[in-house]
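This report refers to the structure that appears directly beneath it.
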Amino acid sequence: ATHLHPQNAANANANADNAMTSFLRSTIALRSTMLAFMLAMALAAPIGHLRRLQETATETVDLGTADTFAILTKSGITSVAPSDITGDIGVSPIAATAMTGFALTMDPSGQFSTSDQVTGKCFAADYTSPTPAKMTKAISDMEAAYTDAAGRPVVAANLNRKGGLIDGETFESGVYRWSSEVKFEIEIFISGDEDDVFIFQTSSNVNVGNSAKVTLVPKTTTVAGIKVFTGNPPKASNIFWQVAGKIDAGINSHLEGTFLVQTHSAFRQGSRINGRALAQTAVTLIDTTIYLE
């Protein structure tokens, strides 16, 4: 029989221990790498899902040069004073005589007029150049925006919400469509953050009751059983109402958003709009406030 010298036996045992230690370290490193890979894949899934959601988010409606107008129409604007308009107003292809009730004062340039009711300028197709071309382009951009808003696709869940009787409803970002009249008498809520876009389409009219209002609310989260706001509310500049019929806003009502209206827009006494009235026919104001925050 062969016998190892005690020193040789000790060396053999040390080598065996070193080999086992190296094996264990390699195994641990491999497992750590696998765990890191699995964790990365798990994190990548929701990130990819978030990216897909972002890619399908509703895009804003480009108003083009119509963006600077608080009121823009093809057939005229009538104000029963005292209305208070912040932003430009304009008419085309009809002449300046279609802007009534404003007591217009012509600027020496002949390119625009002013009014005590308007914090901005008043434009018409028959003013001095380059105003006619400016107005033609603004009207064209308004019509393109209407077509864009009307053509946005809508998911089935957002079709004909509550049959058009939308009192008390909360709307999150997206596109909504009705084949009927849209009506509310008390209050509706538009919920989201300041980058969210909302498009409301109707092939009929929008009727808003006296003292009815649109309220903008931020998104919420629940902390310890309590709902708390997570940021700023939506912006009126990201809300669009595409109305194939008319808009009739009741006495002391409050609205939010840009109204792209194919026919008549009537805003009754004391009504307020944080947004714009862009109509392909006429706009009527009775002691109305229009501004854009």
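Assorted remarks:
- Spans of strands (runs of 3 or more DSSP E) in region 203-266 with at least 3 residues in contact (Cβ under 8 Å) with a residue 24 or more places away in the chain: 206-208, 213-218, 239-243, 247-249, 254-261
- Some residue of region 239-261 being at pLDDT below 95 and either more than 21 Å from the chain's Cα centre (by Cα) or surrounded by 16 or more Cβ atoms within 10 Å (Cβ to Cβ) (or both): no
- The test for being more than 28 Å from Arg272 (Cβ to Cβ) and modelled with pLDDT of 95 or more holds for Ala156.
- Top-ranked residue of region 69-96 - restricted to ones that are closer than 23 Å to Pro130 by Cα, outside any loop (DSSP other than H, G, I, E, B) and touching a residue at least 60 places away in the same chain (Cβ under 8 Å), ranked as most open to solvent (accessible area, probe 1.4 Å): Thr86
- Residue pairs meeting the criteria (Cβ under 6 Å; at least 6 apart or on separate chains; first of a type in the set (Asp, Glu), in region 105-128; second surrounded by 14 or more Cβ atoms within 10 Å (Cβ to Cβ)): Asp126/Ala96
- The set of residues from region 203-216 being open to solvent by less than 60 Å² (accessible area, probe 1.4 Å) and either more than 17 Å from the chain's Cα centre (by Cα) or within 21 Å of Thr147 (Cα to Cα) (or both) comprises Ser204, Asn205, Val206, Asn207, Val208, Gly209, Ala212.
The values are calculated or read from the model by the stated rules, or taken from the named source; none is laboratory data. As the structure is a computational prediction, the values presented were derived from the model and not from experiment. Note: ideal-geometry Cβ built from the backbone for every residue, glycine included; neighbour counts use all protein chains shown. Note: areas computed on protein heavy atoms with side chains; ligands, DNA, RNA excluded. Shrake-Rupley method; radii C 1.70, N 1.55, O 1.52, S 1.80 Å.
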